[in-house]
Each structure stands twice: as structure tokens, then as C-alpha cells.
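The values are calculated or read from the model by the stated rules, or taken from the named source; none is laboratory data. What you are looking at is a predicted structure, and each value in this text was computed from that prediction instead of being measured. Cβ: placed from backbone, ideal geometry, glycine included. Neighbour counts: every protein chain shown. These area figures cover heavy atoms from the full protein model, side chains too; ligands, DNA and RNA do not enter into them. Shrake-Rupley method; radii C 1.70, N 1.55, O 1.52, S 1.80 Å.
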Amino acid sequence: MNRNRVTHTATERRLVRLPSGSDVSVTVHRYEGGPGPTVYVQAAQHGIELNGTAALRRLHDHLLSTEIAGTVLVVPIANPRAFDHRSYVTPQALDAVNSNMNRVWPGNEEGTLQERAARRLWCLFEDADAVIDLHTGAADMLEHVRFHDDSKALAAAFDTEHLLVDTLEEDAADRYFSGKLRTAAARAGIPAITPELSNSRQVDHSAVQRGVAGIRNVLREMNVLDGEPDTPSTRTVFRSAGDCIRAEESGFFEPNPDIEVGDRVSPETALGAVYNPSTFEELQTVTARERGIVYSLTRESVVAAGEKLADIAEVV
Ligand SMILES: [Zn+2]
């Protein structure tokens, strides 16, 4: 494939108009190197997930000094209103129905504000050949790349030790999962992956470096960049068991200090306990139900009934 020196443009794309009459716009970077595939990369559709945005600045420097085939489209901040408010979701005052942008894809031009914003972005990349939607998790979530089976090559190319596979049919039928960008893209025939880099709210340099390396690997896999992806020597693929472990009653959760995300567990492995913090009564002994890997374990001690405490995934 012929690779050419990159031509770069940065333009503003208006997503929606606010009640005041001012616009919400995103900056779209377009890196072009002649004929070839189109890869779309975005970050910060959740406003506190910043390592993707930081990775895209470093990717920018790299792309400007190299040759590519095809086009790379980059939106560093997909949800500016959530970002400005330092909030995970869009302010409720703007969209109380659909405050989570990652539940409304592929959007609706006649819908709520969030649905309209997603639609305007969707129209930007609906002809892309691959989508990378950069997210981050808190320290209590294992860093991983989430994917459907049809996107396995992209997920494998991204430089991460853990990969979490989902079933497209199950996600598409699930009210909670069907509006995720990854699911909507897959239904439209675009392979898509969701890297969950570590740490929200702050820049974690090692996570940022892994993000840049991962995107470059995917661009190599897509033949946009020259060379083969560098892939980790050990990689674990796991599948979410679907039912996470939840608090049976409201109380105070103390996780088992010997357990960390990434640990392998068996049925009955102690994960912690929920107490009544006033009477000291133990309300729930929290144990793993299946053999697997801990991919999330909450570090928030105050928990309400029904809230998620841990996720154990089955190693594939
Ligand atoms: Zn997110």
C-alpha cells in the first residue's frame, strides 16, 4: 500500500445548539495520506476519562512526522459539556433522559440533545473501516480492551494484557448495552473496540503510553501505518459472566485487602463484607461464585442495596 506524508486539518464540527443560542462543537482532526482505510478514534465521551485525550495529543505528534495510507479521523473530546463540567455524564439540565452519551448511539437527529449530538458525530464516521472509542476505568477496574468477536483482530492488535469479549447478539438485545458506540458500530458493520485504560480524572502517563502504543498497533493492523503490531507476550481473553456481584443490603463495604483486580479466584474466595456501620452487624459475606478473574472490585465503601461490588469474568 502506498503511504504518503500526512496532510493534517483541524476543523470545528457543530453538534447541537444550547438554549442560550451558543453551540456545542467538537474539534475534528483529519490526517490524510492518500487511498486506504479510514479509522475513527475518539476520547472523552465520558467527561472524566482523560487518558485517551492525552494519548491523542501524542498520536498527533507521531502522525505529523510519518507516512500513512488512508485517513485517520480524531475527536479528542467527544462530549465537551461533560468534560467542562468534570462530569462522567452530560449535565442533567441539558438532557435528563439521556445523560450518558454511550447509551444513545447511533443517535437520533430528532431526539434529545444527547441523541442529536451523537447523531452529528456518527455522520462523521459512518463510512469508517474501524472505530476506537477510548475510555478509562477507575483504579478498581482492570485495564482491558472490550470487543465483539468480529473485532477480535483490532482488540488483539491493541497493546494490552487483558481482552474482554462480548456477544453482539446479547448486547444488541440488552437495553443497557444496545446504545453503546461499540455495539451500534458493530451492528452497522464497522469493527469497533473500547480500550478501558486505567484511571479517570487524572493523566496516568503509563496508561497514556499504552493508549498511544495501542492505537498505533491498530493503525498497523489496518495497514494505515507500516509494520506489524507489537503485541504483548502474554494475553488473557475473558468473558463477562453477565451477572455481577451486588450488595444485598445497603451498608459499608470493606473489600478483602488481599484481593486485587486481575487476581484469579475460585468459588467461595472471600471478596469482602458489607456491614451496618452503626450497629457493626455483618450484613453480607461477599464471595466469588465462579472460577474466574476479578475485573472490577469497588473501592467505594458506602454502598446502596443493589449496587455493584465486583465483577468476576470467566477466562476463555
Ligand atoms: Zn467511559
Checking the structure you have, find out if any residue of region 145-164 is within 16 Å of the ligand (Cβ to nearest atom) and without any contact (Cβ under 8 Å) to a residue 12 or more places away in the chain. no
Restricting to region 64-84, give me the number of residues that are among the aliphatic types (A, V, I, L, M), surrounded by fewer than 23 Cβ atoms within 10 Å (Cβ to Cβ) and not in a strand (DSSP E or B). 3
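So that you can scan it fast, the table gives a plain yes or no per residue for (1) open to solvent by less than 10 Å² (accessible area, probe 1.4 Å); (2) within 13 Å of the ligand (Cβ to nearest atom); (3) modelled with pLDDT under 95; (4) in the same structural domain as ASN108 (by TED's automatic domain parsing):
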site	(1), (2), (3), (4)
LEU142	no, no, yes, yes
ARG175	no, no, yes, yes
ALA185	yes, no, no, yes
ALA192	yes, no, no, yes
PRO195	yes, yes, no, yes
SER200	no, yes, yes, yes
VAL203	no, no, yes, yes
Determine which single condition GLN42 fails, assuming it passes every other condition in (1) more than 17 Å from the chain's Cα centre (by Cα); (2) within 19 Å of ARG182 (Cβ to Cβ); (3) outside any helix (DSSP H, G or I). (1)
Is it the case that some residue within region 230-253 is among the aromatic types (Phe, Trp, Tyr) and within 29 Å of LEU168 (Cα to Cα)? yes
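I need the full set of residues from region 72-111 which are aliphatic (A, V, I, L, M), more than 16 Å from the chain's Cα centre (by Cα) and at pLDDT 95 or above, in order please.
Of everything in region 72-111, those that are aliphatic (A, V, I, L, M), more than 16 Å from the chain's Cα centre (by Cα) and at pLDDT 95 or above turn out to be VAL72, LEU73.
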Taking VAL24, is it of a type outside the set (D, E, K, R) and closer than 23 Å to LEU225 by Cα? no
So, in region 30-43, how many residues would count as being touching a residue at least 60 places away in the same chain (Cβ under 8 Å) and either within 16 Å of the ligand (Cβ to nearest atom) or surrounded by fewer than 22 Cβ atoms within 10 Å (Cβ to Cβ) (or both)? 6
Report every pair of residues separated by at least 6 positions or lying on different chains whose Cβ atoms are under 9 Å apart, first residue within region 1-20 and closer than 23 Å to ARG119 by Cβ, second modelled with pLDDT of 95 or more and exposed (fewer than 13 other Cβ atoms within 10 Å of the Cβ). GLU12/ASP23; ARG14/ASP23; LEU15/ASP23; VAL16/ASP23; ARG17/ASP23
So which pairs qualify, if the first residue must be in region 45-72 and more than 25 Å from TYR88 (Cα to Cα), the second must be at pLDDT below 95 and among the aliphatic types (A, V, I, L, M), the Cβ gap must be under 7 Å, and the two must be at least 6 apart or on different chains? ALA69/MET1
Inside region 85-102, can you point out the residues that are within 11 Å of the ligand (Cβ to nearest atom) and surrounded by fewer than 21 Cβ atoms within 10 Å (Cβ to Cβ)? TYR88, ASN100
Among the residues in region 85-99, are any on the phi > 0 side of the Ramachandran plot and in contact (Cβ under 8 Å) with a residue 60 or more places away in the chain? yes
Considering only strands (runs of 3 or more DSSP E) fully contained in region 221-277, which possess at least 1 residues that are modelled with pLDDT of 95 or more, among the β-branched types (Val, Ile, Thr) and surrounded by 19 or more Cβ atoms within 10 Å (Cβ to Cβ)? 270-275
In region 262-312, how many are in contact with a His (Cβ under 9 Å, 6 or more places away or on another chain) and not β-branched (Val, Ile, Thr)? 2
